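The structure appears right after this line, and notes come after that.
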């Protein structure tokens, strides 16, 4: 019998996804489109938030969205009301989007005709954290009804995100939302992360967040040109 | 629960490496970071399922847990975080996002035996 021996291989398990994500990022850069991915738990108001974002950006910017959903096309139908191009990625039983799905879904779109592309991930605060989609900005969304310690319960996804949005602020008083506690939990798992507090329903606070997006788009383009 | 697709990725990577070397794999050593987003128990369970009907069937998955470490700008050294709920230096308390370890999801090594020997047994 041969002696078992140890051979070092050092292979990143997600390498295939990372390679596609890098290619996507380069494609986005060449086309001058700014790509935002959205992660949140189910029911946090992601689709309402995105519908509002698409609607408010449109007079000035060319926008589109990819929507990941387990089984239904309901989200895509809702988002289509914004009149922006929307495409559904039905993941079946898969709990997250992967870079290859984004690549496939984008095949028929001319990216150079867009300013912003939004990718709505499947409602899940665990699985999407491992997968790079080539996005420029990962936005984590939570609502005031979810509890201030949500970031402490899901530190990995909050840590992997670039910016946080706390929505459904119109309900904050009713649910006695503790803004300082929420800010502290976010700061603890992701020091220095910018936080926007808003209501997608009433539109309160949306302007500051939209200005931020516009600024990031401009910065991204000036970097891409040099 | 995305551990099954991760487990399938591990089996695929290990199978490729084994075929290239012409060896049989008896165990896979994985480095798993606390920030990888992968749950160890779910992964161990999924691994068995993912190995079925592959050359790795019957192999073991040995997981090395990698804690999160950050570089502290004040202490000027790498520090292991006490918990992933607090991204601050455990010694001086300065918040930091300069993560040095903890995102690993890597097939680090394989325990192998030669194929020929396998046949002769």
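FYI, it's all coordinate maths here, none of it is from the lab. This structure is a prediction, so every number in the text was calculated from the model and none was measured. Cβ sites come from the backbone with ideal geometry, for glycine too, and all protein chains shown count toward neighbours.
How long are the three semi-axes of the equivalent ellipsoid of the protein assembly as shown, in whole Å, if each is the root of 5 times an eigenvalue of the C-alpha gyration tensor, listed from largest down?
Those come to 39, 25, 19 Å.
Hey, got the average number of other protein chain Cβ atoms within 10 angstrom for residues in A:89-95? Present the calculation step by step, with values, prior to reporting the outcome.
Working: counts 0, 0, 0, 0, 2, 3, 3.
If you average over the peptide's residues, the count of other-chain Cβ atoms is 1.
Rounded to the nearest 500 deg cm²/dmol, what is the calculated helix-only ellipticity per residue at 222 nm for chain A, with -39500 (n - 2.57) per DSSP H run of length n ≥ 4? Let's see the in-between values first.
Values: 8 runs with 84 residues, N = 226.
Using -39500 (n - 2.57) per qualifying helix, the result is -11000 deg cm²/dmol.
Can you tell me which of B:94-103, B:23-32 comes out highest on packing, and rank the rest after it, using the mean Cβ neighbours within 10 Å?
Numbers: B:94-103: 15.8, B:23-32: 21.8.
Order by mean packing, descending: B:23-32, B:94-103.
Sort B:1-10, A:23-32, A:185-194, A:69-78 by the packing proxy (mean of other Cβ within 10 Å over each peptide's residues), most packed first. Mind dumping the intermediate values first?
Details: B:1-10: 21.0, A:23-32: 15.9, A:185-194: 18.8, A:69-78: 14.4.
Listed from highest to lowest mean packing, they are B:1-10, A:185-194, A:23-32, A:69-78.
Which of A:158, A:116, B:45 comes first, and how do the rest follow, when ranked by fewest Cβ neighbours within 10 Å? The partial results should precede the final answer.
Numbers: A:158 26, A:116 23, B:45 15.
Arranged by neighbour count, lowest to highest, A:158, A:116, B:45 become B:45, A:116, A:158.
Using 17 Å as the cut-off for backbone N distance, which residues of the range A:173-189 belong to the label zone defined by a point 7 Å from the Cα of residue A:212 along Cα→Cβ?
A:179-189
Ranked from highest to lowest mean number of other Cβ atoms within 10 Å per residue, what is the order of the peptides A:104-111, A:118-125? Don't skip to the end; give the middle numbers.
On the way: A:104-111: 12.8, A:118-125: 24.1.
My ranking of the peptides, most packed first, is A:118-125, A:104-111.
Within 10 Å of each Cβ in B:22-31, how many Cβ atoms from other chains are there, averaged over the peptide? Mind dumping the intermediate values first?
Details: counts 0, 4, 2, 2, 2, 2, 1, 4, 2, 3.
The per-residue average across the peptide is 2.
Rounding to the nearest 10 and keeping the result within 0 to 90°, find how far the Cα-based axis of helix B:40-51 lies from the longest principal axis of chain B.
So the inclination is approximately 20 degrees.
Give the angle, between 0 and 90 degrees and rounded to the nearest 10, that separates the Cα long axis of helix B:3-21 from the longest principal axis of the Cα atoms of chain B.
With both axes taken from Cα atoms, the answer is about 60 degrees.
With just the Cα atoms defining each centre, how far is the range A:171-226 from the range B:74-114? Give it in Å.
27
According to the square roots a ≥ b ≥ c of the eigenvalues of the Cα gyration tensor, what is the shape class of the range A:22-112, taking rounded for a/c under 1.5, prolate for a/b larger than b/c otherwise, and oblate for the remainder?
Working: a/c = 1.74, a/b = 1.09, b/c = 1.59.
The shape class here is oblate.
Let me know the shape class of chain B, please: from the alpha-carbon gyration tensor, a ≥ b ≥ c as square roots of the eigenvalues, rounded when a/c is under 1.5, otherwise prolate if a/b is greater than b/c, or oblate.
Numbers: a/c = 3.84, a/b = 2.41, b/c = 1.59.
Because a/c hits 1.5 or more and a/b exceeds b/c, chain B counts as prolate.
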